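So the structure is just underneath, and the comments pick up after that.
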Amino acid sequence: MQVSEPTLKKQNPSGMDAIVSEEYASQSKLFQEFTCVPSIDSAWVFKTCNGDRSTAMFSISQADLLANNTRKCILNSHIMRHGTSPLECQWSPFPIEMTGVSVVVPSPSGSKLLVVRNGEKYSSTKLQIVDQSHVEKEICVDQSIHGPLFTDEWFQGISWNQEETFIAYIAEESPRPKPAFDDAGYRKEGSSEKNCNSWRGQREWEENWGETYSKKGRPSLFVLDIASGDVRAARGIAKSLSVGQVVWAPPYSSGHQTHLVFVGWLEHNGFQNTPRKLGIKYCSNRPCSLYAIRCPFEEPNADNASVSGGKSDSASVATNLTPSISSAFFPRFSKDGKLLVFVSSKCAVDSGAHNATDSLHKINWASDWKIDEHLDVTDVVPLVMCPENGCFPGLYFSSMLSDPWLSNHCTMILTSAWRSTQVILSVDVLSGEVTRISPEDSDYSWSALAVNGNDVLSVSSSPINPPQISYGCQASTEDHQTSGWVWEEVTSPLMAGSDKVKALLSHHKFSILKIPVTNPSDELSNGGQLPFEAIFVSCEDSSRKPTVLVLHGGPHSTSVSSYLKSSAFLASLGFNLLIVNYRGTPGFGEEALQSLPGKVGSQDVQDCLTALDYVIKEGLIDASKVAVVGISHGGFLTTHLIGQAPDRFAVAAARNPVCNLSLMIGTTDIPDWCYAVACGTEDKHLASESPSLDHIRLFYQKSPIAHISKVKAPLLMLLGGADLRVPISNGLQYARALRERGGDIKIMIFPEDIHEINIPRSDFESFLNIGIWFKKYLK
């Protein structure tokens with residue numbers, strides 16, 4: 001029986017044929033298994049009256065595809081240790097879903113919990129103080145005082161004072177009111193709003209911090225008095241500063257004149273020192289300093305100076321604590337209050353690279369410090385330019401624990417990239433000694449979740465092993481000297497959700513490959529000539545299976561050997577994965593990182609091809625069955641590779657790729673990035689909002705679109721409609737140009753998504769379509 005074409009379309013309204021429809025059904029069911037595995041966002045550990053027992057609280061999240069949001073839950077556990085007996089954990093029977101909760105922050109003692117419910121548009125923000133049995137207090141903060149609290153990893157700062165009487169936090173400053181008009185013309189402020197024949201006009205446009213922050217107000221500092229419910233803004237902070245990461249300074253010995261320490265980013269950091277907020281997400285090269293200011297509740301005449309009240313004539317002025325260094329963030333006071341330790345990305349600020357090697361510094365903090373006193377900054381862990389083989393490569397941070405201190409007051413626990421892994425480090429801030437405390441014989445990636453006295457709660461994973469909770473303690477010898485760290489796996493209810501995933505990946509292996517640089521130029525630094533790495537995830541009989549070359553963005557970001565559901569899903573489909581950390585990747589020393597700026601489209605492309613040649617030469621993969629995928633700069637490399645090496649790739653997929661730097665320069669929130677990667681960091685003084693013809697020509701020559709006429713591989717392009725980092729026009733121009741030349745291309749647009757394409761449904765559909773696209777062309 002023949003079926004007419006209209007009948008087929010009626011049976012398949014999406015336009016899919018029966019084979020593709022079946023592939024969607026089977027792969028989406030498979031991908032659900034990976035999506036259901038919860039992730040651990042953060043954790044806290046509290047001592048109880050019983051010295052052998054502690055209570056751990058975990059914040060976990062899970063994608064909710066039907067609601068198209070992320071479900072957040074709290075899970076509790078009692079951790080017990082009796083002498084040398086194995087660790088014992090007693091878990092609460094079920095997680096508790098935190099519906100409508102933006103973030104939770106326990107008090108220092110663990111006896112109280114701040115629950116933040118950020119208001120939606122036109123609604124108030126709710127701050128709840130919860131004790132162990134009930135909601136003790138709920139404060140509704142009207143939008144006329146401030147907007148939602150910042151809960152991201154960069155501006156977020158929510159800090160209880162030690163007495164648990166005040167909470168300092170960062171929230172959106174209330175917007176200035178828009179002008180009002182009616183049929184009689186302009187209406188003065190204070191006039192009635194009840195006239196339905198009126199409207200609000202537009203106020204002057206203000207710069208924002210770009211990607212993810214385009215709809216947010218200016219980050220500003222506020223303090224809540226828990227007893228009274230009063231909220232006051234910190235006064236004396238210049239309007240040219242955006243603030244974040246606030247912490248309380250130790251109180252004076254007299255108990256008065258408490259200060260707040262916070263990070264301030266200059267809002268005037270455009271080209272040629274012009275006023276502009278350049279995009280800050282993933283950009284540690286934005287100048288910032290540590291500032292101190294008096295708590296607004298301790299200012300003279302403070303009783304008359306609240307957010308909604310009158311002005312204080314003698315308000316304190318914020319003092320720059322680190323004027324001698326161009327970058328200072330993640331401030332942390334030691335438990336005894338004698339040291340203020342912070343991280344610096346001075347190398348990124350000074351070079352123009354958007355991320356670079358970090359350093360650690362300290363300030364001796366006097367108990368009677370006066371706000372106008374100068375403070376000396378001392379190095380704790382300096383930059384590492386060219387690490388010796390296998391040695392400490394330097395510090396590379398993305399976050400820091402709110403309380404990273406061991407009980408000796410001078411040792412911090414930090415998580416940092418170490419080549420292609422993520423490791424846990426201890427740093428003695430008095431001596432500067434850095435020790436890797438996560439297992440050195442493991443290629444897994446580790447992350448510290450919380451410090452419990454002298455013990456560390458952590459999570460570890462690998463590309464084929466979902467997150468596993470571990471508990472570490474320092475081993476002791478008979479003479480009570482410490483001798484390294486011992487880690488015990490903690491059985492948890494979270495593991496039940498990952499059993500199916502483990503079964504799907506049980507026949508896979510992974511390893512970290514060292515890839516020698518081929519024919520290194522004499523002009524390269526020593527670090528730029530060292531081997532780079534690739535993480536190789538292999539199926540059984542890998543030499544007969546197709547391989548996906550996976551490329552990270554940045555270019556100064558790192559693919560570490562941790563679990564990602566997207567990569568695990570691709571591996572479960574029967575693909576080998578070759579995840580390349582080309583030169584320029586953080587975690588390999590500063591010289592290797594700085595070898596890439598000015599050489600994008602050539603050195604990074606060659607490194608990817610060198611890694612591919614390496615696994616082919618070793619007989620690990622089939623050279624005729626190779627796909628490539630990447631996001632952002634990884635998409636830049638994806639489209640470069642299918643143009644510069646058209647016969648080496650059977651299929652490709654790119655998520656929000658940089659395809660044309662000459663187009664991106666005038667549309668992105670980080671135009672300085674275009675100059676840094678294309679021209680080199682030494683030419684950053686030439687950057688301009690109106691690039692010269694020579695620069696535009698150079699941008700084009702270094703872009704994938706310059707090689708578009710040679711492309712053969714079918715390309716899937718996935719674009720976020722609200723992307724400010726690499727605007728949608730960049731990908732669409734390339735896609736249309738490829739189609740014009742007869743190329744095989746499929747375009748998918750996610751209208752509400754930004755650069756990451758991380759709204760749950762979009763993330764799901766994105767990788768589902770990548771899997772189907774690759775299966776179609778890799779038989």
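Each value in this text was obtained by applying a stated rule to the coordinates, not by laboratory testing. Only a predicted model underlies this, so the values are computations on that prediction, with no experimental measurement involved. Positions of Cβ are generated from backbone atoms using ideal geometry, with glycine treated the same way; all protein chains shown enter the neighbour counts.
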Net charge over other residues, Cβ less than 13 angstrom from the Cβ of Ser624 (K, R count +1; D, E count -1): +3
Inter-label distance for Ile747 and Ser240, nm, one decimal - labels placed 7 Å from Cα along Cα-to-Cβ: 4.3
Theoretical gain in end-to-end length, Leu65 to Cys391 [0.36 nm per residue, Cα-Cα removed]: 113.0 nm
Cα-projected label distance for Ala227 with Glu618, points at 7 Å along beta-carbon direction, nm: 6.5
Förster radius 25 Å - calculated FRET efficiency between Leu732 and Thr99 (Cβ-Cβ, nearest 0.05): 0.05
Neighbourhood charge, 15 Å Cβ-Cβ cut-off, centred on Lys779 and excluding it, Lys, Arg +1 and Asp, Glu -1: +3
Calculated Kirkwood radius over Cα pairs in Å (choose from (1) 35.5; (2) 30.7; (3) 28.1), label: (3)
Degrees between helix 760-777 axis and first principal axis of the chain (Cα, 0 to 90, nearest 10): 20
Potential extension, Ser92-Asp52 segment - 0.36 nm per residue separation minus Cα distance: 12.5 nm
Angle in degrees between helix 603-617 and the longest Cα principal axis of the chain, rounded to the nearest 10: 60
Over 27 Å (Cα to Cα) - which of Lys565/Lys779; Lys72/Lys500; Lys72/Lys277; Lys72/Lys362; Lys281/Lys545 fall in this group: Lys72/Lys277; Lys72/Lys362; Lys281/Lys545
Assigned charges on the beta-carbon of Lys, Arg, Asp, Glu; region 498-777 dipole about Cα centre (debye): 1060
Angle between the chain longest axis and helix 728-740 axis [Cα atoms, degrees, rounded to 10]: 10
Per-pair calculated FRET efficiency, R0 = 51 Å: Asp694 and His507 via Cβ, rounded to 0.05: 0.40
Of all DSSP beta bridges in the chain, antiparallel share, percent nearest 5: 85
Sites Arg276 and Ser144, calculated FRET efficiency, Cβ-Cβ separation with R0 35 Å, nearest 0.05: 0.75
Relative contact order (%) - region 498-777, alpha-carbon pairs under 8 angstrom, separation at least six: 16
Share antiparallel - DSSP beta bridges, region 498-777, percent rounded to 5: 30
Point-charge dipole on Cβ atoms (K/R +1, D/E -1) for the chain, about Cα centre, debye to 20: 2220
Potential lengthening between Met80 and Ala184 on full extension [0.36 nm per residue; Cα-Cα distance subtracted]: 30.1 nm
Percentage relative contact order, region 322-419, counting C-alpha pairs under 8 Å, at least six apart: 22
Counted charge near Ile696, where neighbours are those whose Cβ lies closer than 15 Å (Asp, Glu -1; Lys, Arg +1): -1
